[in-house]
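Written below as structure tokens is the structure these notes are about.
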Amino acid sequence: MNKKIIRFGVIGCGLMGREFASAAARWCHLTNMNSEPRIVAVCDANPEATQWFKNSLASVEATYTDYRELLANPTVDAIYCAVPHNLHAQIYIDIIESGKHLLGEKPFGIDKEANALITEAISRNPNVIVRCSSEFPFFPGAQQIVQWVRENKFGKIIEVEAGFWHSSDLDPTKPINWKRRIATNGEYGCMGDLGMHVLHLPIRLGWKPKSVRALLSKIVPERPDGKGELVPCETWDNAILACEVETSTQQFPMVLSTKRIAPGHANTWFIRITGTELSAEFTTKNPKQVASLPYRSGGVQSWHITDTPYKSAYGTITGGIFEFGFSDSILQMWAAFCDELTNRAEMMQPFYCATPEEATSSHIVFTAALESSRTGQTIALHWEE
Ligand SMILES: NC(=O)c1ccc[n+]([C@@H]2O[C@H](COP(=O)([O-])OP(=O)(O)OC[C@H]3O[C@@H](n4cnc5c(N)ncnc54)[C@H](O)[C@@H]3O)[C@@H](O)[C@H]2O)c1
């Protein structure tokens, strides 16, 4: 098949920038794609970070320390931007105004105001495709749950719980970094960092909360600064949001949690739905298993644990007997973005990357959660249609 080569620039060559490089480098893993990303230009304020790309990817033609120079490169079609949250608004807006397509990292602006500025830039440039990174829904188990929701298998939904939990911050000697400082990570704290991952599916499934009551915790008050001093650890470590959802057919409670300090959990993303006719759960803790409990009046209530085959949104060379993992979900997300850049409304499969509107929805929820935490009140949310 003749593939359209999409010439990418990467701005921010840290943890996530390298994940994209790895996904692009193993594109041969995917079958039947009619597009392929080629990382031709990279930019990081720290030149050492770009050196890894030069060493690892033969496709890199140019490196920059100033992203504006990368944006002036006319041979670059699209950008992946993975920089600290305080830089999202300025850099994303400049990317969009340059006419290059963008897959930007969450939370898509450090706060609601920054997010609104990005939204304005998008509306000024309707031909630019902009999407927000969120990979976990591409796990086959998550896709299975989405399918069951779309098929109305759950009956009356009793409750939804979704979360993303980490535990490395349990160690109080872990040095502070930009993700623990309000100036760089934002007031949202763990919600800005982890929350878009948790909200992506609920928002995609039409479950916008009509109210939120938030319990936010700061657990480790200070951390080493790496220079022998202890400095304040300013951001929220954990957040539990009790939401009320009302759709045209359903009304149910939804508990969303983002935790940096959840002992025993390393990158645990999960969604659990209980319903009168089906209950189901997928968690990345058991990445190949989906739990389901179908129920008929008077019947047995028994959980079924099924090993989901490696059956991803985009076909791969991996046999169905093998397991799917984090880097596979990243590859699938990139396949969806490149598919959409190439085939627009005629995507090869229907699950598209998180949209800027979905990211904006997450900002509405997090901003209300901060207000709830400040006032101790349940905050009503107002959604513009
Ligand atoms: N999708 C996911 O699973 C996931 C996971 C982790 C982080 N993230 C998101 O990715 C983004 C980056 O996080 P990270 O963990 O990769 O951080 P990181 O600190 O590892 O990397 C950020 C990079 O940006 C660079 N940088 C800073 N200022 C810059 C500038 N002005 N121009 C160019 N480069 C600059 C830094 O030098 C650093 O190399 C954040 O938005 C974060 O929320 C997403």
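The values are calculated or read from the model by the stated rules, or taken from the named source; none is laboratory data. Predicted model, so just to flag it, every value in this text is computed and none were measured. Note that each Cβ is placed from the backbone with ideal geometry, even for glycine, and that neighbours are counted across all protein chains shown.
For segment 163-184, a residue qualifies if it is surrounded by 22 or more Cβ atoms within 10 Å (Cβ to Cβ), in contact (Cβ under 8 Å) with a residue 60 or more places away in the chain and away from the ligand (no atom under 11 Å from the Cβ), and the qualifying residues are 163, 165.
Quick grid of which residues meet (1) of a type in the set (D, E, K, R); (2) crowded, with 19+ Cβ neighbours inside 10 Å; (3) at pLDDT below 95:
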| position | (1), (2), (3) |
| --- | --- |
| 113 | yes, no, no |
| 123 | no, no, no |
| 133 | no, yes, no |
| 137 | no, yes, no |
| 153 | yes, no, no |
| 186 | no, yes, no |
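Scanning segment 162-207 for residues that are within 15 Å of residue 238 (Cα to Cα), assigned to a helix (DSSP H, G or I) and touching a strand residue (DSSP E or B) at 6+ places or on another chain (Cβ under 6 Å) yields a total of 6.
Using beta carbons and a limit of 9 Å, which pairs, at least six apart or on different chains, have the first residue in segment 321-334 and free of Cβ contacts under 8 Å to residues at least 12 places away in the same chain and under 13 Å from residue 103 (Cα atoms) and the second one outside any helix (DSSP H, G or I) and not hydroxyl-bearing (Ser, Thr, Tyr)? Qualifying pairs under 9 Å: none.
Residue by residue, here is whether (1) in contact (Cβ under 8 Å) with a residue 60 or more places away in the chain; (2) surrounded by fewer than 21 Cβ atoms within 10 Å (Cβ to Cβ); (3) among the polar types (S, T, N, Q) holds:
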site: 15; (1), (2), (3): yes, yes, no
site: 22; (1), (2), (3): yes, yes, yes
site: 41; (1), (2), (3): no, no, no
site: 47; (1), (2), (3): no, yes, no
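Within segment 339-352, identify whether any single residue is touching a helix residue (DSSP H, G or I) at 6+ places or on another chain (Cβ under 7 Å), surrounded by fewer than 14 Cβ atoms within 10 Å (Cβ to Cβ) and assigned to a loop (DSSP other than H, G, I, E, B), and answer yes or no. Please lay out each step first, then the result.
Here is the first cut: in segment 339-352, the ones touching a helix residue (DSSP H, G or I) at 6+ places or on another chain (Cβ under 7 Å) are 347-348, 351-352.
Then keep just the ones that are surrounded by fewer than 14 Cβ atoms within 10 Å (Cβ to Cβ); that gives none.
No, segment 339-352 has no match at all.
Here are some residues: 147, 143. Which one is under 30 Å from residue 277 (Cα atoms) and more than 17 Å from the chain's Cα centre (by Cα)? It would help to see each step written out before you state the result.
On the way: 143 fails: more than 17 Å from the chain's Cα centre (by Cα).
From the options 147, 143, the qualifying one is 147.
Before we move on, is residue 142 within 15 Å of the ligand (Cβ to nearest atom), at pLDDT 95 or above and in the same structural domain as residue 356 (by TED's automatic domain parsing)? Answer is yes for this residue. In segment 20-36, which residues are within 15 Å of residue 337 (Cα to Cα), not hydroxyl-bearing (Ser, Thr, Tyr) and not in a loop (DSSP other than H, G, I, E, B)? Result: 20, 21, 23, 24, 27, 30, 36. The one condition from (1) crowded, with 18+ Cβ neighbours inside 10 Å; (2) on the phi > 0 side of the Ramachandran plot that residue 245 does not meet is (2). Considering only segment 241-253, I want to know if a residue exists there that is in contact (Cβ under 8 Å) with a residue 40 or more places away in the chain and either of a type in the set (Lys, Arg) or within 13 Å of residue 174 (Cα to Cα) (or both). Checked against the condition, which is being in contact (Cβ under 8 Å) with a residue 40 or more places away in the chain and either of a type in the set (Lys, Arg) or within 13 Å of residue 174 (Cα to Cα) (or both), segment 241-253 yields no hits at all.
Among all positions in segment 349-361, there is at least one residue which is modelled with pLDDT of 95 or more and more than 30 Å from residue 4 (Cα to Cα).
The set of residues from segment 332-363 being more than 18 Å from residue 8 (Cβ to Cβ) and β-branched (Val, Ile, Thr) comprises 355, 360. Answer yes if at least one residue in segment 198-209 is in contact with an Asp or Glu (Cβ under 8 Å, 6 or more places away or on another chain), farther than 27 Å from residue 87 by Cα and not small (Gly, Ala, Ser), and no otherwise. Looking through segment 198-209, at least one residue is in contact with an Asp or Glu (Cβ under 8 Å, 6 or more places away or on another chain), farther than 27 Å from residue 87 by Cα and not small (Gly, Ala, Ser).
Set side by side, the residues 230, 216, 241 differ, and just one is out of contact with any Lys or Arg (no Cβ under 8 Å at 6 or more places or on another chain) and either polar (S, T, N, Q) or at pLDDT 95 or above (or both), which is 216. Being outside any loop (DSSP other than H, G, I, E, B), out of contact with any helix residue (DSSP H, G or I) (no Cβ under 6 Å at 6 or more places or on another chain), of a type in the set (Lys, Arg) and surrounded by fewer than 20 Cβ atoms within 10 Å (Cβ to Cβ) is true of residue 210. If the condition is being surrounded by fewer than 23 Cβ atoms within 10 Å (Cβ to Cβ) and either in contact with a helix residue (DSSP H, G or I) (Cβ under 8 Å, 6 or more places away or on another chain) or without any contact (Cβ under 8 Å) to a residue 12 or more places away in the chain (or both), then segment 60-70 contributes 60, 62, 63, 64, 65, 68.
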